[in-house]
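Colleague: Quick one: the structure is below, and I'll ask about it shortly.
Rule-based calculations on the coordinates, nothing more; no lab input. Treat the numbers as computed from the prediction; the structure is a model and nothing was measured. Positions of Cβ are backbone-derived with ideal geometry, glycine not excepted, and every protein chain shown enters the neighbour counts.
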Amino acid sequence: MDQRSSGQAFRDLHRGPRILVLPNAWDAASARVIEEAGAKAIATSSAGVAFSLGYPDGQKIPRDDMLAAVRRIAVAVRVPVTADLEAGYGKGPKQVAETVRGAIDAGAVGMNLEDAADEPNQPLFELSLAVERVRAARQAADATGVTFTLNARTDVFLGNVGEPESRLAHALSRLAAYRDAGADCVFAPGVSDRPTIEALVRELGCPLNILGTPGAPPIPELEKLGVRRVSVGSAPSRAAFTLAREITRELLGPGTYTRLAGGISFAEMQRVMDRG
């Protein structure tokens with residue numbers, strides 16, 4: 001499937017009839033395993049990619065390194081890939097537009113763009129600037145001719161911005177503004193209670209992405225609530241890293257091999273990776 005067809009197919013997945021489930025990959029191997037397991041599309045995890053390349057999360061990884069990882073993932077699979085590119089690797093709209101062009105050049109057909117300013121006294125970008133950043137991303141994507149699904153994220157809930165009673169109204173104002181500036185989907189990580197999810201779906205009237213966590217409603221219930229997309233962020237990569245730590249502790253402790261059992265066999269992994 002060429003990139004334009006892939007982009008349209010990915011956007012169509014946001015329109016049902018079923019909720020779009022996006023397991024998050026952090027390298028080519030994890031992406032291929034996720035595809036093999038039946039995923040119709042794959043999202044990257046910015047934190048997972050950063051961790052795998054030796055960086056902490058939070059735009060500490062150079063943009064070129066992140067885009068190179070996105071490219072390897074996109075080349076490795078046949079399903080559409082959407083890239084988590086944090087806050088666009090730059091404050092200004094021009095820098096965001098450059099990141100969008102880089103994502104498309106890397107083979108992605110979608111992108112997360114968050115509004116976290118990562119400053120102690122200003123957790124989120126001013127709304128006017130955040131909107132300009134979304135608009136710049138939309139215009140840059142449209143100029144390429146690729147159907148590119150922009151997922152605009154607010155960290156109102158994840159960052160505990162403001163008083164708890166004000167967060168829903170604050171998030172709604174931001175997400176509605178991002179929708180109107182050209183976002184195809186909006187993302188509210190940190191939300192897990194049903195009434196808030198219902199209010200977001202009802203008031204926004206556009207595809208909503210929820211972060212799947214152990215405390216969130218199961219995916220079939222999210223679908224009934226009207227959520228169109230669920231992703232799981234860095235959790236799969238952290239689960240893999242946890243297993244590596246447990247294996248190491250067992251080897252260095254009792255010297256046994258229990259935690260090595262039950263994984264994907266060498267032969268199966270060879271099969272998954274070999275598309276020659």
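Colleague: In 10 Å bins starting at zero, report the fraction of Cα pairs in region 152-276 per bin as a rounded %.
Modeller: In whole percents, the pair-distance histogram is 11, 31, 22, 18, 15, 3.
Colleague: Among 164-175, 63-74, how do they line up by average Cβ neighbours within 10 Å per residue, starting with the highest?
Modeller: Order by mean packing, descending: 63-74, 164-175.
Colleague: With everything on Cα atoms, drop me the angle between helix 235-252 and the longest principal axis of the chain, reported from 0 to 90° to the nearest 10.
Modeller: Roughly 30 degrees between the two axes.
Colleague: Between region 23-54 and region 156-186, what is the C-alpha centre distance in whole Å?
Modeller: Result: 27 Å between the Cα centres.
Colleague: Just tell me which aspartates and glutamates come within less than 20 Å, Cα to Cα, of residue 224; anything on the same chain fewer than 8 places away is out.
Modeller: The qualifying aspartates and glutamates are 12, 193, 198, 203.
Colleague: Using Stokes-Einstein with the Kirkwood hydrodynamic radius over Cα pairs, what translational diffusion coefficient do you get for region 93-237 at 20 °C and a viscosity of 1.002 mPa s, in µm²/s rounded to a whole number?
Modeller: Numbers: Rh = 15.6 Å.
For the chosen part, D equals 138 µm²/s.
Colleague: What are the extents of the Cα atoms of region 1-52 along their three principal axes, in Å, largest first?
Modeller: The Cα atoms of region 1-52 stretch 33, 23, 20 Å along the principal axes, largest first.
Colleague: Okay, next question. So in the chain, what percent of DSSP beta bridges are antiparallel if you round to the nearest 5?
Modeller: On the way: 2 of 25 bridges.
Of the beta bridges lying entirely in the chain, close to 10 percent run antiparallel.
Colleague: Could you give the angle, 0 to 90 degrees to the nearest 10, between helix 194-204's Cα long axis and the longest principal axis of the Cα atoms of the chain?
Modeller: Computed tilt is about 50 degrees.
Colleague: Still on this structure, I have one more. Mean 1/r over all different Cα pairs, inverted: what Kirkwood radius does the chain give, in Å? Walk me through the numbers before you get to the answer.
Modeller: Numbers: mean 1/r = 0.0519 Å⁻¹.
Hydrodynamic radius (Kirkwood, Cα pairs) of the chain is 19.3 Å.
Colleague: Let me ask something additional. How big is Rg to Rh over region 1-126, alpha-carbon atoms, Rh as the Kirkwood inverse-mean-distance radius? Present the calculation step by step, with values, prior to reporting the outcome.
Modeller: Details: Rg = 14.5 Å, Rh = 14.9 Å.
Rg/Rh: 0.98.
Colleague: What is the angle, in °, between the Cα long axis of helix 167-180 and the longest principal axis of the Cα atoms in the chain? Nearest 10 is fine, range 0 to 90.
Modeller: Tilt of helix 167-180: around 80 degrees.
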